[in-house]
Amino acid sequence: MGHKVKDIYELCNTISPFNTQEVWDKSGLNLGSLNNSFESIVVCLEVTLPIAYDLKPNTLIITHHPLFFQPLNTFCTDFYPANIANILLSKHCTLISLHTNFDKSHLNAYLTHKILQWEHFSAQGLLMNGNITPTPLDELARYVCDALGAKNVDFVKGDIPLYSMPLVSDIYVVCGSGCSLLSSLPFSPHTCLITGDVKHHDAMSAKSMGISLIDMGHYESEKYFGEIFESILQNAGYNAIIADCENPFSLCLNQRDVKSLN
C-alpha cells in the first residue's frame, strides 16, 4: 500500500502555507485527489513532456510552477497544459505545486543567502532586501552571473543625471518574474532589483524611475527548487527523485562573437 497524498500535502502546507501564496497564484493540489495513494515522489521545477512520459504510474509530482494558471474552456489534449495533464491522468499521477508561497518561505532566501552569499538580507514580502558595499552596476552583474553559474546576465542602468555608471548599494532580490514590484522600490540611483524575465517595457520603466536592473533569468533563479525540496522530504523520512528541467532557452552567438572567443 502506498503513502497517501494528503500526508505530503499537509507537510507542504506546514513548511510553506498555501494561504500565503499571491492572489493570482495556483499553488496547491493541481491534479488528482488528496485521497490518492502514491508509490514514488518526483520533484521538479515544472512538468515537461519528457518528464511526464518517463513517470511511473501512481507517482506524486511536486513542482514549483503550477501546471494550470488559467481556466480551461476545453480540455484539448493537443495543446498545453492538457497534453501533459492527460498523460498524468492516464498514469494515475497526482500533482502538488508550491509557487509563490515557497518563494516567500524558502526559495528567495536560499537564492539570496546561499547562492549570492548575502546572508544579512531580510525578507520584505516576496522581496529580499539588504545593503552591500557601493558597487558599480556592471561589476555587480558579473558577480551575480558568476554566483549563478550562468552563461550571461543582462543589466539596465537607471536614467539619473550625473550618474554615468551608478554605484548601487540598496539591493532587492526576487526569483522568477519580479518586475511587477518595481513601483514599490525607492527611486534612487543606488537601488538595484535583481530578478528574471525583464521585458523591454520593464526596462524602460525602471530607467525612468532611476532604478537599475539585473536580469538573472527565470530558470537560473529558480533551478534550486529540486534540491531544496528533496532535503525537506528527506528530513521528513521520504525519498524522492529529482527530475531535471533544462532551461528552455539556448544562447546563440553571431559568428563574429564566436570567432572572438576562439
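Figures for the structure shown
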quantity	calculated
Some residue of segment 208-216 being outside any helix (DSSP H, G or I), farther than 24 Å from L148 by Cα and hydrophobic (A, V, I, L, M, F, W, C)	no
Residue list for segment 93-144, filter: in contact (Cβ under 8 Å) with a residue 60 or more places away in the chain and over 28 Å from P17 (Cβ atoms)	L137, L140, A141, V144
Strands (runs of 3 or more DSSP E) wholly inside segment 82-189 that include at least 1 residues being open to solvent by less than 20 Å² (accessible area, probe 1.4 Å) and farther than 27 Å from I51 by Cβ	127-136, 167-177
Residue within segment 204-215 that is of a type in the set (S, T, N, Q) and either modelled with pLDDT of 95 or more or within 23 Å of the chain's Cα centre (by Cα) (or both) present	yes
Boolean, S40 is touching a Leu at 6+ places or on another chain (Cβ under 9 Å) and in contact (Cβ under 8 Å) with a residue 12 or more places away in the chain	yes
Qualifying positions in segment 190-204 - open to solvent by 10 Å² or more (accessible area, probe 1.4 Å) and in contact (Cβ under 8 Å) with a residue 24 or more places away in the chain	H190, V198, A203
Filtered residue count, segment 26-37, keeping only those that are open to solvent by 10 Å² or more (accessible area, probe 1.4 Å) and touching a residue at least 60 places away in the same chain (Cβ under 8 Å)	7
Boolean, I51 is under 14 Å from A240 (Cβ atoms), open to solvent by less than 10 Å² (accessible area, probe 1.4 Å), in contact (Cβ under 8 Å) with a residue 40 or more places away in the chain and not hydroxyl-bearing (S, T, Y)	no
Residues located in segment 5-38, provided they are of a type in the set (G, A, S) and within 20 Å of the chain's Cα centre (by Cα)	S16, S27, G28
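The values are calculated or read from the model by the stated rules, or taken from the named source; none is laboratory data. Note that the structure is predicted; figures quoted are calculated from it, not measured. Glycine also receives a Cβ, built like all others from the backbone with ideal geometry; neighbour counts cover every protein chain displayed. Accessible surface areas use protein heavy atoms only, side chains included; no ligands, DNA or RNA. Shrake-Rupley method; radii C 1.70, N 1.55, O 1.52, S 1.80 Å.
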